[in-house]
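Below is one structure, written out as structure tokens, with a few remarks after it.
What follows is calculated from the coordinates using simple rules that are stated; it is not laboratory data. Since the model is a prediction, treat every value here as computed from it, not as a measurement. Counting neighbours? That spans all protein chains shown, and the Cβs are built from the backbone with ideal geometry, glycine included.
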Amino acid sequence: MFSFFKRNKTDKLRIFDFFNQTIVTDIHSHLLPGIDDGSPDMETSLMLIGEFQELGFQKLITTPHIRMEVYPNTPNIIKGKLSEVQSQINGIQIDASAEYYIDDNYTQLLEEDHLISLAGSKYLLAEYPMIAPLLNYEERIFEMTKRGYTPVIAHPERYRYWHQNPEVFERLKNLGCLLQLNILAVEGYYGADIKKIALHLLKNNLYDLIGTDVHHDRHIQRIKKLSGMSKEMNLLENYSFQNKALFGI
Ligand SMILES: [Fe+2]
């Protein structure tokens with residue numbers, strides 16, 4: 001009994017230190033109330049932000065979806081919700097950007113330069129469709145890079161249509177993208193096939209950034225489970241993620 005509690009205490013400290021000292025800033029989550037499929041209301045937002053503090057994060061750049069036909073968020077909507085949240089929290093920094101769904105509407109936003117980048121930087125968090133690949137995915141990247149933006153491709157491991165062509169991930173890097181791992185993929189939350197690709201990309205040093213992509217408390221609980229998964233934690237702790245260098249406090 002004693003050793004059970006002792007192990008749990010050590011495990012909790014392990015993921016806390018990883019987030020608190022090594023990662024510092026989460027760059028992907030859905031914590032603003034009522035504007036996407038993440039937190040539905042302020043009470044939930046505050047609860048989730050409290051959980052992030054307990055996990056060890058010092059700073060959050062939360063990223064509501066912008067996908068015109070489903071989540072028609074604008075920089076003004078996002079900044080308004082961010083201010084409401086900021087007025088009610090202490091002890092952790094919170095900023096907001098967006099997770100852009102790459103489609104024709106996105107190209108229009110890009111042409112109008114009506115975008116909200118990560119912490120006012122040149123980095124844009126972008127997601128591709130889950131079901132089928134965009135035929136012109138390379139052109140979409142060129143559209144961003146020629147305007148001086150660096151696309152951060154959200155959770156590349158989740159695009160199953162690329163699993164049989166892992167050279168695509170290197171191609172994305174060569175085109176100037178950064179790749180962002182969803183930590184939940186390493187825990188196994190999205191399935192064994194996605195975990196396998198995530199571990200492959202980690203072992204081949206293809207990721208640049210890590211994010212939680214937390215939408216709700218079930219995600220937080222699964223992230224906590226990683227503390228007890230020593231093989232996966234070893235991989236994460238020994239990897240050189242750029243969160244702190246690019247977006248730290
Ligand atoms: Fe997301």
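Couple of notes before you dig in:
- A convex hull fitted to the Cα coordinates of the range 18-123 yields 96 cubic angstrom per residue.
- Among beta bridges that DSSP assigns inside the range 33-127, antiparallel share in %, nearest 5: 10 percent
- Pairwise FRET efficiency - residue 239 versus residue 89, Cβ, R0 = 45 Å, nearest 0.05: 0.95
- Taking amide H atoms as placed 1.01 Å from N in the peptide plane, the amide H of residue 155 lies under 5 Å from those of 180, 182, each 5 or more residues away in sequence or on another chain.
- Given charges at Cβ of Lys, Arg, Asp, Glu: the chain dipole, positive-most of 88, 239, 142: 239
- Across the chain, Cα pairs under 8 Å and at least six residues apart give a relative contact order of 22 percent.
- For the chain, the calculated P(r), taken from all Cα-Cα distances in 10 Å bins from zero up to the bin holding the longest distance, is 7, 32, 37, 19, 3, 1, 0 percent.
- Top of 76, 136, 105 by mean-square fluctuation, Gaussian network on the chain, Cα under 10 Å: 136
- Computed over the chain with a Gaussian network model linking Cα atoms closer than 10 Å, the most mobile of 230, 117, 29 is 230.
- Helical runs assigned H by DSSP (4 residues or longer) give the chain a calculated mean residue ellipticity at 222 nm of -12500 deg cm²/dmol, each run adding -39500 (n - 2.57) before division by the residue total.
- Along the range 99-110 the Karplus relation, 6.51 cos²θ - 1.76 cosθ + 1.60 evaluated at θ = phi - 60°, assigns HN-Hα couplings of 10, 8, 7, 7, 8, 5, 4, 4, 4, 5, 4, 5 Hz to successive residues, with x for each Gly and Pro.
- Global geometry of the range 166-249, whether rounded, prolate or oblate, following the gyration tensor of its Cα atoms and the 1.5 cut on a/c: prolate
- Lys, Arg +1 and Asp, Glu -1 on Cβ, resulting dipole of the range 2-247 about Cα centre, debye, nearest 20: 1120 debye
- Cα centroid separation, the range 173-249 to the range 76-125 (Å): 22 Å
- Each of 125, 135 was scored by other Cβ atoms within 10 Å of its Cβ. Arranged with the fewest first, they read 135, 125.
- Stretching residue 136 away from residue 107 to a fully extended chain increases their span by 9.2 nm, per 0.36 nm per residue minus the current alpha-carbon distance.
- Candidates 124, 199, 179: whichever shows maximal mean-square fluctuation once the chain is modelled as a Gaussian network with Cα springs under 10 Å: 199
- The chain - share of DSSP beta bridges that are antiparallel (%, nearest 5): 5 percent
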